[in-house]
Amino acid sequence: MKFCSACAAPVILKVPAEDTRERFVCTRCETIHYQNPNMVVGTLPIWNLQGETKVLLCKRAIEPRYGYWTLPAGFMENQETCRQAAQRETIEEAGANIQLHELYSVLSVPHVDQVHLFYRATLIDTNYLAGTESLEVALFAEHEIPWEEIAFPTVSQTLKFFFEDLKNVRSGGHFQLHEHDFYKSHRPD
């Protein structure tokens with residue numbers, strides 16, 4: 001950041017009084033410009049057919065990780081709730097009609113200033129289609145998932161949580177909220 005969004009004067013990086021972190025502070029009006037993590041919100045859309053559970057994945061048509069598979073998700077917009085963002089992203093990326101359930105995973109990715117939230121969802125029908133940010137959309141059983149072609153560790157981890165929980169649910173357990181922190185890895189982009 002170089003200029004104040006309130007008065008257009010230059011900003012400097014400093015620790016404001018009674019704060020503990022460096023912030024961009026306007027040299028004229030002294031407005032403090034806080035920069036906070038971006039929220040990535042999406043769904044884990046499920047389809048059950050004759051006892052087999054499948055997950056809807058989207059093949060990315062955008063960078064980063066073009067051509068890799070992901071769950072339908074994206075950045076939350078201002079003026080929307082987390083649930084609205086999850087629903088919107090699922091429609092935009094997968095054209096899928098879903099019934100949204102509870103928050104399923106909360107994944108912190110501090111090295112890129114992001115928090116990823118995924119909601120469990122049930123597909124209402126199989127009338128899905130690739131949106132502008134997806135090359136294709138497909139249903140995968142656990143053994144069909146292209147694990148080496150999953151775009152992001154947060155998506156892989158959410159899928160692993162789900163299939164582990166699914167085994168517990170089938171034996172009388174329930175789905176639970178999962179939290180996980182991801183720190184910088186050496187995985188190539």
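A compact table of results
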read-out: Considering residues of the range 140-152 that are aliphatic (A, V, I, L, M) and assigned to a loop (DSSP other than H, G, I, E, B) only, the residue nearest to the chain's Cα centre (by Cα); value: Ala151
read-out: One residue from Thr31, Thr43 being in the same structural domain as Leu139 (by TED's automatic domain parsing), polar (S, T, N, Q) and at pLDDT 95 or above; value: Thr43
read-out: Thr20 vs. criteria outside the structural domain of Ser105 (by TED's automatic domain parsing), of a type in the set (Ser, Thr, Tyr) and closer than 22 Å to Val115 by Cα; value: yes
read-out: Members of the range 71-86 found to be in contact (Cβ under 8 Å) with a residue 24 or more places away in the chain and outside any loop (DSSP other than H, G, I, E, B), listed by number; value: Ala73, Gly74, Phe75, Cys82, Arg83, Ala85, Ala86
read-out: Among (1) in contact with a Gly (Cβ under 8 Å, 6 or more places away or on another chain); (2) over 21 Å from Phe140 (Cα atoms) - the single one Thr27 does not satisfy; value: (1)
read-out: Any hit, the range 81-94, residues being surrounded by fewer than 13 Cβ atoms within 10 Å (Cβ to Cβ) and at pLDDT 95 or above; value: yes
read-out: Residue check for Val106: within 24 Å of His178 (Cα to Cα) and assigned to a strand (DSSP E or B); value: yes
read-out: Set Val137, Val115, Val155: member being within 21 Å of Ala94 (Cα to Cα), part of a strand (DSSP E or B) and touching a residue at least 40 places away in the same chain (Cβ under 8 Å); value: Val137
read-out: Condition check for Ala96: under 16 Å from Pro45 (Cα atoms), in contact with a helix residue (DSSP H, G or I) (Cβ under 7 Å, 6 or more places away or on another chain) and assigned to a loop (DSSP other than H, G, I, E, B); value: yes
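The values are calculated or read from the model by the stated rules, or taken from the named source; none is laboratory data. These numbers were taken from a predicted model, which means no experiment stands behind them. No Cβ is skipped: glycine too gets one built from the backbone with ideal geometry, and neighbour counts run over all protein chains shown.
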